[in-house]
Amino acid sequence: MSEPTANPHHVVGPKVYLAIGGTLLLLTGATTAISFVELGVFNAVVALAIAVIKAMLVVLFFMHIRYSSKLLKLTVAAGFFTFLVLISMVMTDYISRAWGLW
Amino acid sequence: MSTASTIVKLPPQEGATLPKKSYLNSEYGLKSWLLTGDHKRIAILYLISITFMFFVGGAMAGLIRLELLTPQSDLMATDTYNKVFSMHGIVMVFLFLVPSVPATIGNFLIPIMIGAKDLAFPKINLLSWYLYLAGAAFTIAAMVLGGVDTGWTFTTPLSTHYLNTHVVTAGLGIFIAGFSSIFTGLNFIVTIHRMRAPGMTWFRLPLFIWSHYAASILMVLGTPVLAISLVLVILERTIGIGIFDPTKGGDPLLFQHLFWFYSHPAVYIMILPGMGVISEVISTFSRKRVFGYTAVAFSSVAIAVFGFFVWEHHMFIMGVSNYSALVFSLLTMLVAVPTAIKIFNWSATLYKGSITFETPMLYAFGFLGLVTIGGMTGVFLGSMGMDIHLTETYFIVAHFHFVMVGGMLMAYLSGIHFWWPKMTGRMYPEQVSKLAALTTFIGFILTFFPQFILGYLGMPRRYAAYPPEFQVLNVLSTAGATVLGIGYLLPMLYMTWSLKYGKIAGANPWQATGLEWQIQSPPLTENFLETPIVDHEAYDYEWLANKTQHEVQTVG
Amino acid sequence: MDSQAIATSPEHTPSVEHAHPPYLRHHFETVEQQREASSFGMWLFLLTEIMFFGGMFAAYLIYRNWYYPAFVAGSHQLSIVLGTINTAVLIGSSFTMAMAVYSAETRNRKALITYLLLTITLGLVFLGIKSDEYHEKWEKHHVPGLNFSVHDFVNVNPAYPDDKPLPLDMAEKTQVYFSLYFAMTGMHALHMIIGISILIILVIKAYGGSYTDGHVSTIENFGLYWHFVDIVWIFLFPLLYLISRHQ
């Protein structure tokens, strides 16, 4: 088992920040541009996919999770997992409430 | 490590002396308490404030039982009764049960048990006590200004549209108290992960720590969802946004989903720390390692995880989808598994142990029996068909009081008695406390067992009046509540008495194995003279018996 | 997974002696332990934030499926231009915040203060644009509860002439959309306001020489908070502004 403190105080440099910031701006432009193209349901899919990519870039680089211990990685994962539990278990009610009533 | 019990002789208490220096006398004055960063002092502050809120909630319970002595609503008007039971629920759930064991016993013991000097964030710990006070102040303000009558669940659209009572004030109080709970949980998780002494690996932790860890996860992940649902209710009352408002297209059931997403796990926030106390007490007074340590440890985590998948069983009769209810009903049964693992393992710990019947152990026995009944009836209520018959009757009231009062309060009192010598350095009076434990148990059974029958016969909850044929059982219940009240008042009195006149306890009056028992009582502000190095498992009574010296460490 | 982190074998402890800077609090053994504890604590706090906003995102998902036409009509009242500008502004502020953390790590006080001030400015620009949008909503009677009229939704929206006007009962449901819009962006804005208030304190302390003496936890943890607020917006932007552009 590796030491979780294997990367003590990894300093992320301005080059990485610039690259990530630039990518984020590009993706923002892309998601707005794509919203003007008619894609049906895929408008939502693409927009959310881009949002997820942007959020992951922020978490991994701006928030240093890429360089952090497994514990922190797991913590982030636990947060999203519980959020998914909330969404999916609530949806079990909402998607099936009207079954048989149509 | 042995599976058989190790006979350890209790040390003679005559020779025990109070240490010259301890956390209690390291500083004096009100300021040294109100601005303290010491987890032990904050635990004492919590103990005082929680006891106060317990008696506030208890007074409300007394009023409820008094009203229900007669079939008519003659003691108070029906809407007053609504306010009284709402306040009883709000105070007891949010301001007593949720912080009870974690904020007092947990706060005091978690750093010591893992060999740390303090919690990871002492200032945040103090902040959570102030948030608790602020939350309690808001709640009491709501009560004094005229009360709330939503029930403790703040059910929409009742709370958002149909009431002119102080829902916003009470909601804000619970919102703030929720942050107190979040910060406590956050502090515990970081402390358990990051502050353990050298050698204190995960599987050497006392089970008390495991159960607090699991409860803390629930606090951190569940409470914010309660916070947002209360914020939305408050915004709906004050501004008039329409997220839960059917006239604007909102769904009141969504509030229920969000509320119970927290409030079901909250049940485990309440009971898990109590289960941790029981593990310690049963092991100590059986002189045996807890049977199936790993299973008990993981069952705490399993309860925490499953806790997030079952909330809809509170909503079966509210018009949720039947298919979804089926899923949640099945998942609810899952929770019975880790709970049963705990009960079985505690029983197996008792088997062939050298059991002694000190007061904490009496409370622990009470816990075992009552929580089993409470848990089993929970399985009834988790099955959809039974639930439709039994929910919103006194059956459900009896069920959750068996778990919360019979389980959690018994565990809380067990823990308070068990660690009282560590907290204060003095013993409580032995005979009176045994009497109190017995009184509590008898009073409890008498109060809540008739309610199972009442509920099964169909007496609905939350009404001030009831048909006359239910009176006999209600009188029994009220009589029991009186006995129960005496049972709770007794510890309050003799514990206070013992602060001055109790026998001096010495460092390890129970010959328990936890790190907290290897230091002086009451402990130093820094807990340990030097960071302990742990080289043995939890509950290793052979190690304790072989330890050449375990006298009081006196300093100064 | 981290059972050996602090609970290491005894030979790991002697590092106590070699560094004992003034900012090391008494109950921690090492600076590293203190740093890890505070950043872990901050992340746990962010977990609670995820769940806090999570409740509203769940509500959004449900109601968008229930009242799809109302959500389309509601989102057609928002300005995609302003939304895009605001997203860019917020990403910019995240970048300057990241650079502030870097400046603190490299002990560059001047750069730290500059980047913190830039972050404040960008945050204020975001809030300015947001309040302009709120003002417009108020003028157009789109604030549920306080100032709402279905007028815009039972008539054709001039910006989207192809949209059919909504029947009255569906038009009423746009209140759910705007309730969520105000609750979500309002909570987000509240987090921004809290963040900017903390930033001001940080700037003042940075002037006094804090954070550039090797003790960067506070700046780092505030950075985490600020980036989190940015992430919330990264999701709010497509959900509220973009995905319902086409019916």
**OP:** List the number of the failed condition for B:D245; all other conditions in (1) open to solvent by less than 10 Å² (accessible area, probe 1.4 Å); (2) under 19 Å from C:T48 (Cα atoms) hold.
**Re:** (2)
**OP:** Specify which of the listed residues (C:T114, C:T87, C:T119, C:T48) is open to solvent by 10 Å² or more (accessible area, probe 1.4 Å) and more than 26 Å from B:G249 (Cα to Cα).
**Re:** C:T114
**OP:** Would you confirm whether any residue within the stretch C:159-181 is away from every other protein chain (no Cβ under 11 Å), at pLDDT 95 or above and touching a helix residue (DSSP H, G or I) at 6+ places or on another chain (Cβ under 9 Å)?
**Re:** no
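Condition check ((1) at negative phi; (2) within 18 Å of the chain's Cα centre (by Cα); (3) more than 10 Å from chain B (Cβ to nearest Cβ); (4) surrounded by fewer than 20 Cβ atoms within 10 Å (Cβ to Cβ)) across all residues:
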| site | (1), (2), (3), (4) |
| --- | --- |
| C:H27 | yes, no, no, no |
| C:T30 | yes, no, yes, yes |
| C:A37 | yes, no, no, no |
| C:G41 | yes, no, no, no |
| C:L44 | yes, yes, no, no |
| C:F52 | yes, yes, no, no |
**OP:** Please work out which residue is farthest from the other protein chains (Cβ to nearest Cβ), limiting yourself to the stretch A:36-74 and to residues that are free of Cβ contacts under 8 Å to residues at least 40 places away in the same chain and aromatic (F, W, Y).
**Re:** A:F42
**OP:** Of the numbered conditions (1) closer than 18 Å to B:G135 by Cβ; (2) surrounded by 24 or more Cβ atoms within 10 Å (Cβ to Cβ); (3) away from chain C (no Cβ under 14 Å), B:L207 fails exactly one; give the number of that condition.
**Re:** (1)
**OP:** Exactly one condition in (1) touching a residue at least 24 places away in the same chain (Cβ under 8 Å); (2) more than 7 Å from chain C (Cβ to nearest Cβ) is not met by B:T247; state its number.
**Re:** (1)
**OP:** State whether the residues of the stretch A:59-72 include one that is open to solvent by 40 Å² or more (accessible area, probe 1.4 Å), under 17 Å from the mean Cα position of the chain (by Cα) and under 27 Å from B:V225 (Cα atoms).
**Re:** yes
**OP:** All but one of (1) modelled with pLDDT under 90; (2) open to solvent by less than 80 Å² (accessible area, probe 1.4 Å) hold for B:T548, so report the exception by its number.
**Re:** (2)
**OP:** Within the stretch C:191-247, track down each residue that is more than 14 Å from the chain's Cα centre (by Cα), under 24 Å from A:Y67 (Cα atoms) and buried (at least 23 other Cβ atoms within 10 Å of the Cβ).
**Re:** C:Y211, C:V216, C:I219
Subject >> Which listed residue is free of Cβ contacts under 8 Å to residues at least 40 places away in the same chain, surrounded by fewer than 20 Cβ atoms within 10 Å (Cβ to Cβ) and in contact with a His (Cβ under 9 Å, 6 or more places away or on another chain), from B:Q511, B:Q518 >> reply: B:Q518
**OP:** State whether one or more residues within the stretch C:205-218 are away from every other protein chain (no Cβ under 13 Å), of a type in the set (A, V, I, L, M, F, W, C) and under 24 Å from C:F40 (Cα atoms).
**Re:** yes
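Condition check ((1) in a helix (DSSP H, G or I); (2) without any contact (Cβ under 8 Å) to a residue 12 or more places away in the chain; (3) in contact with a strand residue (DSSP E or B) (Cβ under 6 Å, 6 or more places away or on another chain)) across all residues:
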{"residue": "B:A137", "(1), (2), (3)": "yes, no, no"}
{"residue": "B:I140", "(1), (2), (3)": "yes, no, no"}
{"residue": "B:V144", "(1), (2), (3)": "yes, yes, no"}
{"residue": "B:W152", "(1), (2), (3)": "no, no, no"}
{"residue": "B:T156", "(1), (2), (3)": "no, no, no"}
{"residue": "B:I189", "(1), (2), (3)": "yes, no, no"}
{"residue": "B:R196", "(1), (2), (3)": "no, no, no"}
{"residue": "B:W210", "(1), (2), (3)": "yes, no, no"}
{"residue": "B:A214", "(1), (2), (3)": "yes, no, no"}
**OP:** Have a look at B:A266, B:A302 and point out the one that is open to solvent by less than 10 Å² (accessible area, probe 1.4 Å) and aliphatic (A, V, I, L, M).
**Re:** B:A266
Original post:
Across the stretch A:81-102, what is the total count of residues that are surrounded by fewer than 21 Cβ atoms within 10 Å (Cβ to Cβ) and within 7 Å of chain C (Cβ to nearest Cβ)?
Top reply: 2
**OP:** Evaluate the stretch A:21-34: report whether one residue or more is within 8 Å of another protein chain (Cβ to nearest Cβ), surrounded by 14 or more Cβ atoms within 10 Å (Cβ to Cβ), over 30 Å from B:G319 (Cβ atoms) and among the aliphatic types (A, V, I, L, M).
**Re:** yes
Subject >> Which listed residue is aromatic (F, W, Y), surrounded by 24 or more Cβ atoms within 10 Å (Cβ to Cβ), within 30 Å of B:T201 (Cβ to Cβ) and touching a residue at least 40 places away in the same chain (Cβ under 8 Å), from B:Y132, B:Y46 >> reply: B:Y46
Subject >> Elements of type helices (runs of 4 or more DSSP H) in the stretch B:345-459, at least 3 residues being modelled with pLDDT of 95 or more and surrounded by 23 or more Cβ atoms within 10 Å (Cβ to Cβ) >> reply: B:359-382, B:394-401, B:410-424, B:430-457
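The values are calculated or read from the model by the stated rules, or taken from the named source; none is laboratory data. These numbers come from a predicted model, not from an experiment. Counting neighbours? That spans all protein chains shown, and the Cβs are built from the backbone with ideal geometry, glycine included. Side chains are part of the model used for accessible areas, which takes the heavy atoms of the whole protein and leaves out ligands, DNA and RNA. Shrake-Rupley method; radii C 1.70, N 1.55, O 1.52, S 1.80 Å.
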